[in-house]
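Asker: Okay, handing you the structure first.
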Amino acid sequence: MKIGILISGRGSNMAAIIEAVQNGLIPDSKVAVVISDKTSAEGLLKAKERGVETLSVVKKGRAREEHDAEIIAELKKRAVELVCLAGYMRLLSKDFIRAFPNRIVNIHPSLLPNFKGLDAQRQAIDYGVKVSGCTVHFVDEDLDHGAIIAQKVVEVLDSDTAETLAARILEHEHALYVEAVKNIAEGNVRISGRRVLLKSALT
Ligand code: GRF
């Protein structure tokens, strides 16, 4: 499976996916390209260090559709079959979603549908929840809304700040995202309305 990863920043989830592909944990796959909407994204260097092609596609005052069209073209040129958003800080246009139906996934640092959008870990602390976590989901046109593939619960400690909680959730994000991409690569994922079912769990 050819994978394209979209980032805007640090790229730790991106690095986890690249490494899982390179060490064979995600079978018969290749990360064909990492695309950033920011030339300064730290993740670009991490991708290069791991031998993966990188591109910056900046928006430059263009409409979202035009910016997305350039990214879609780069992904299609490389025959990408699965698009992984990994800290990509933009909403995708309808055209983008239609170009890769049920083939775009994202990771979010909360148990969706709680705490959508920015600063999910701070939202969790401010609300006072006792557990939070992370979610891998398919991407649709609404923010942090598509069908849920996998979730991991992380306890919120009395001593936690938004930063310490974020760091603990992040460790679980890497494993959860890799597991979800592995299941997709192995053809184990079946979509039934809003429910995403694992074939192995059905037999
Ligand atoms: C992660 O917390 C992810 O859940 C969210 O953005 C952050 C990206 O971190 N969507 P990184 O760039 O993968 O290190």
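Asker: Counting only residues that are over 30 Å from LYS152 (Cα atoms), in contact with a strand residue (DSSP E or B) (Cβ under 8 Å, 6 or more places away or on another chain) and basic (Lys, Arg), how many does the stretch 56-111 have?
Answerer: 1
Asker: How many residues does the stretch 26-53 contain that are within 16 Å of the ligand (Cβ to nearest atom), open to solvent by less than 30 Å² (accessible area, probe 1.4 Å) and not in a loop (DSSP other than H, G, I, E, B)?
Answerer: 7
Asker: While we're on this one: State which residue is nearest to the ligand (Cβ to nearest atom) when the search covers only the stretch 99-119 and only residues that are assigned to a loop (DSSP other than H, G, I, E, B) and within 16 Å of VAL178 (Cα to Cα).
Answerer: PRO109
Asker: Another question, if that's okay. Would the stretch 84-98 turn up any residue that is closer than 17 Å to SER12 by Cα and either open to solvent by 50 Å² or more (accessible area, probe 1.4 Å) or more than 16 Å from the ligand (Cβ to nearest atom) (or both)?
Answerer: The answer is yes, given that some residue of the stretch 84-98 is closer than 17 Å to SER12 by Cα and either open to solvent by 50 Å² or more (accessible area, probe 1.4 Å) or more than 16 Å from the ligand (Cβ to nearest atom) (or both).
Asker: When you scan the stretch 155-166, do you find a residue that is within 18 Å of the chain's Cα centre (by Cα) and more than 18 Å from ILE26 (Cα to Cα), even just one?
Answerer: Yes: the stretch 155-166 contains one or more residues that are within 18 Å of the chain's Cα centre (by Cα) and more than 18 Å from ILE26 (Cα to Cα).
Asker: Right, next: Scanning the stretch 57-83 for residues that are under 20 Å from GLY9 (Cα atoms) and either in contact with a Pro (Cβ under 9 Å, 6 or more places away or on another chain) or assigned to a loop (DSSP other than H, G, I, E, B) (or both), which turns out most open to solvent (accessible area, probe 1.4 Å)?
Answerer: Out of the qualifying residues, it is LYS60.
Asker: Kindly check whether there is at least one residue in the stretch 2-20 that is exposed (fewer than 15 other Cβ atoms within 10 Å of the Cβ), within 16 Å of the ligand (Cβ to nearest atom) and of a type outside the set (S, T, N, Q).
Answerer: So far as the stretch 2-20 goes, no, none of its residues is exposed (fewer than 15 other Cβ atoms within 10 Å of the Cβ), within 16 Å of the ligand (Cβ to nearest atom) and of a type outside the set (S, T, N, Q).
Asker: Which of the residues that make up the stretch 84-98 are not in a strand (DSSP E or B) and not polar (S, T, N, Q)?
Answerer: ALA86, GLY87, TYR88, MET89, ARG90, LEU91, LEU92, LYS94, ASP95, PHE96, ILE97, ARG98
Asker: Collect the residues in the stretch 135-192 that are open to solvent by 30 Å² or more (accessible area, probe 1.4 Å), more than 22 Å from ILE3 (Cα to Cα) and among the small types (Gly, Ala, Ser), keeping them in residue-number order.
Answerer: Result: SER159, ALA167, SER192.
Asker: Can you tell me which residue within the stretch 120-141, out of those that are among the polar types (S, T, N, Q) and within 11 Å of the ligand (Cβ to nearest atom), is farthest from GLU70 (Cα to Cα)?
Answerer: GLN121
The values are calculated or read from the model by the stated rules, or taken from the named source; none is laboratory data. Worth saying up front: this structure is predicted, and the values here are computed from it rather than measured. Here the Cβ is made from the backbone with ideal geometry for all residues, glycine too, and neighbour counts use every protein chain on show. Calculation scope for accessible area: heavy atoms of the full protein, side chains included, ligands and nucleic acids excluded. Shrake-Rupley method; radii C 1.70, N 1.55, O 1.52, S 1.80 Å.
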